[in-house]
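All remarks here apply to the structure that follows.
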Amino acid sequence: MARTILLVDDIESDLIAYQRALRSTGYEILIAQTTEAALALAVERRPEAIVVDYNLPDGTGLEFIGRLKEQCIENAHRIIMLTGSGNESVAVAAMKGGASDYLIKDVAGGHLKLLPAVVEQALREHDDLLAKREAERQLQLAANVYNNIQEGILVTLTDGTIVSVNAAFCCITGYRAEELVGSNPRIMKSGLHDPDFYNAMWNSIKQDGYWQGEIWDRRKNGSIFLAHETITAIRDSLGRLQNYVAVITDITEANQTEAFIRHQAYHDPLTNLPNRTLFMDRLRHQLAYAHRQKTCMAVLFIDLDGFKAVNDELGHEAGDVLLMETAARLKGCVRESDTVARLGGDEFTAILSDLDGPADTDEVAQKILDRIGQPFQLGSHERRISASIGIALYPSDSDDAAALLNAADKAMYQAKRGGKAKFAFAAKAKTGLTS
């Protein structure tokens with residue numbers, strides 16, 4: 001696309017001479033003979049260079065420059081002032097007023113020979129000015145992003161010395177910028193990662209030029225936070241390492257929320273025990289383990305006797321307290337490796353693994369009956385209930401999770417029919433025997 005040059009002079013013969021001098025350049029030439037016409041063309045067409053005579057019928061070239069600056073918000077025009085012979089003082093005033101160059105007219109026409117070179121220089125200055133302004137805009141944009149982005153940014157030298165941090169980084173870590181600059185990122189080390197973690201991180205940076213992942217860091221106040229971090233190696237045009245840039249996001253709360261949601265999906269909200277979904281998953285895993293290890297295990301189905309009467313008499317809040325206390329008592333009757341779950345209502349289950357035989361189950365079941373049979377303090381009221389327990393054994397009763405739970409459920413009903421506060425084995429339940 002041709003460069004656009006605006007020629008401003010009220011003398012027709014001079015305009016023709018300028019055009020002849022520039023005809024081999026390939027520029028698009030615009031012509032104006034008054035200040036007003038020149039201003040209109042300059043604003044509309046935005047020529048890269050303007051050649052303007054000092055004397056115009058409706059003003060001076062200096063006045064034209066001043067008015068052009070007022071009307072063009074982002075002035076990138078390069079202006080060449082033409083003055084009469086001997087008017088060096090006018091030329092200097094023009095340069096101070098905003099002209100980029102000047103030519104003094106001479107009778108022999110020497111200025112016409114110089115005009116193409118002067119215009120070419122003006123165009124190069126025009127390009128340089130635009131490039132500089134664009135670079136400044138990019139720098140300002142980068143500075144705005146750096147200072148206002150929500151992610152924390154840290155820049156270090158190749159030896160790890162911190163040279164810059166943004167406001168978000170200070171907000172996340174609790175350090176002031178002056179406390180971080182000149183120090184090493186090790187001051188935020190949490191101590192939760194072993195050397196292998198950091199070795200793998202730096203190997204990735206050396207091989208791939210970056211690393212990203214989750215890392216535990218320490219704030220100034222000593223608290224630990226989980227960050228998603230990306231560390232990038234910055235190199236110059238020759239490939240030489242210049243800096244490292246780390247971008248961090250505090251994901252502690254998001255991680256805790258995710259963990260909470262995941263926990264809620266698999267746990268009873270009242271007692272915090274595993275719910276049916278998690279119970280069945282653990283039961284299947286325990287069956288697979290027992291099969292591999294050739295060990296015995298048991299499933300207990302526990303139903304509270306008299307819970308409904310307490311709930312109806314004292315209300316749901318008292319009933320909830322009773323259920324939470326029951327959960328605590330049940331957990332106290334089994335090993336840490338065993339599982340106690342709440343299926344719903346007043347129904348609980350337990351998985352007892354690595355048993356030597358049925359006798360181990362008898363002991364646990366009796367312990368549960370004794371603990372549940374002790375008084376419950378429900379506010380100002382004391383109440384007693386009991387439990388009925390059904391027991392199914394692997395491998396004698398079934399090797400399937402659902403079938404084993406069903407067998408324990410049926411055995412529990414046999415215990416209730418036997419007078420409550422009892423436990424019954426699935427195998428004996430078929431014959432109507434209880435313990």
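The values are calculated or read from the model by the stated rules, or taken from the named source; none is laboratory data. Here the structure is a predicted model, which is why all the values come from computation and not from measurement. Neighbour counts run over all protein chains shown; Cβ positions are idealised from the backbone, glycine included.
Using the structure shown, decide if Asp53 is closer than 24 Å to Ala93 by Cβ, charged (D, E, K, R) and in contact with a strand residue (DSSP E or B) (Cβ under 7 Å, 6 or more places away or on another chain). Reasoning before the result, please.
Numbers: closer than 24 Å to Ala93 by Cβ: yes; charged (D, E, K, R): yes; in contact with a strand residue (DSSP E or B) (Cβ under 7 Å, 6 or more places away or on another chain): yes.
Considered against the rule, which asks whether it is closer than 24 Å to Ala93 by Cβ, charged (D, E, K, R) and in contact with a strand residue (DSSP E or B) (Cβ under 7 Å, 6 or more places away or on another chain), Asp53 comes out as yes.
For Asp397, indicate whether it is in the same structural domain as Met297 (by TED's automatic domain parsing), touching a residue at least 24 places away in the same chain (Cβ under 8 Å), within 21 Å of Cys296 (Cα to Cα) and in a loop (DSSP other than H, G, I, E, B).
Yes; evaluated as a whole, the condition is true for this residue.
Only one of these is modelled with pLDDT under 95, part of a loop (DSSP other than H, G, I, E, B) and either out of contact with any Gly (no Cβ under 8 Å at 6 or more places or on another chain) or not assigned by TED's automatic domain parsing to the domain that holds Ile391 (or both): Arg292, Arg335. Name it.
From the options Arg292, Arg335, the qualifying one is Arg335.
Looking for something surrounded by 15 or more Cβ atoms within 10 Å (Cβ to Cβ), closer than 17 Å to Asp305 by Cα and free of Cβ contacts under 8 Å to residues at least 60 places away in the same chain - is there at least one such residue anywhere in region 424-431?
Yes, some residue in region 424-431 is surrounded by 15 or more Cβ atoms within 10 Å (Cβ to Cβ), closer than 17 Å to Asp305 by Cα and free of Cβ contacts under 8 Å to residues at least 60 places away in the same chain.
Is it true that Ile368 is in contact with a Lys or Arg (Cβ under 9 Å, 6 or more places away or on another chain) and in a helix (DSSP H, G or I)?
yes
Mind listing whichever residues of region 147-172 are more than 26 Å from Lys206 (Cβ to Cβ) and surrounded by fewer than 20 Cβ atoms within 10 Å (Cβ to Cβ)? Steps first, answer last, please.
Start the filter on region 147-172 by keeping residues that are more than 26 Å from Lys206 (Cβ to Cβ), which leaves 147-150, 167-168, 170-172.
Selection gives Asn147, Asn148, Ile149, Gln150, Ala167, Cys170, Cys171.
Would you pick out the residues in region 366-375 that are without any contact (Cβ under 8 Å) to a residue 60 or more places away in the chain and within 13 Å of Gly306 (Cβ to Cβ)?
Correct list: Gly373, Pro375.
How many residues are under 15 Å from Ser337 (Cα atoms) and either in contact with a Leu (Cβ under 8 Å, 6 or more places away or on another chain) or among the β-branched types (Val, Ile, Thr) (or both) if we restrict to region 275-292?
Adding up the residues that qualify gives 3.
With the requirement that a residue be modelled with pLDDT of 90 or more and either over 26 Å from Arg384 (Cβ atoms) or surrounded by fewer than 24 Cβ atoms within 10 Å (Cβ to Cβ) (or both), what does region 403-419 give you?
Answer for region 403-419, where residues must be modelled with pLDDT of 90 or more and either over 26 Å from Arg384 (Cβ atoms) or surrounded by fewer than 24 Cβ atoms within 10 Å (Cβ to Cβ) (or both): Ala403, Leu404, Leu405, Asn406, Ala407, Asp409, Lys410, Tyr413, Gln414, Lys416, Arg417.
Does Ser89 satisfy the condition of being surrounded by fewer than 16 Cβ atoms within 10 Å (Cβ to Cβ) and either modelled with pLDDT of 85 or more or more than 30 Å from Gly26 (Cα to Cα) (or both)?
The answer is yes for Ser89.
Pick from Glu347, Glu336: which is surrounded by fewer than 20 Cβ atoms within 10 Å (Cβ to Cβ) and under 14 Å from Val364 (Cα atoms)?
Answer to the selection: Glu336.
Does any residue of region 251-266 turn out to be over 30 Å from Arg219 (Cα atoms) and among the charged types (D, E, K, R)? Before the answer, list the steps.
First, the residues of region 251-266 that are over 30 Å from Arg219 (Cα atoms): 265-266.
This time we only want the ones that are among the charged types (D, E, K, R), so: none.
Taking every residue of region 251-266 in turn, none turns out to be over 30 Å from Arg219 (Cα atoms) and among the charged types (D, E, K, R).
Report, by residue number, each residue of region 1-60 that is small (Gly, Ala, Ser), in contact (Cβ under 8 Å) with a residue 40 or more places away in the chain and surrounded by 16 or more Cβ atoms within 10 Å (Cβ to Cβ).
Ala17, Ala21, Ala49
Does Gln140 count as in a helix (DSSP H, G or I) and free of Cβ contacts under 8 Å to residues at least 12 places away in the same chain? Outline the logic, then answer.
On the way: in a helix (DSSP H, G or I): yes; free of Cβ contacts under 8 Å to residues at least 12 places away in the same chain: yes.
Criteria met by Gln140.
What residue, among those in region 364-402 that are within 49 Å of the chain's Cα centre (by Cα) and exposed (fewer than 15 other Cβ atoms within 10 Å of the Cβ), is nearest to His291 (Cα to Cα)?
Looking at the filtered set, the residue picked out is Asp399.
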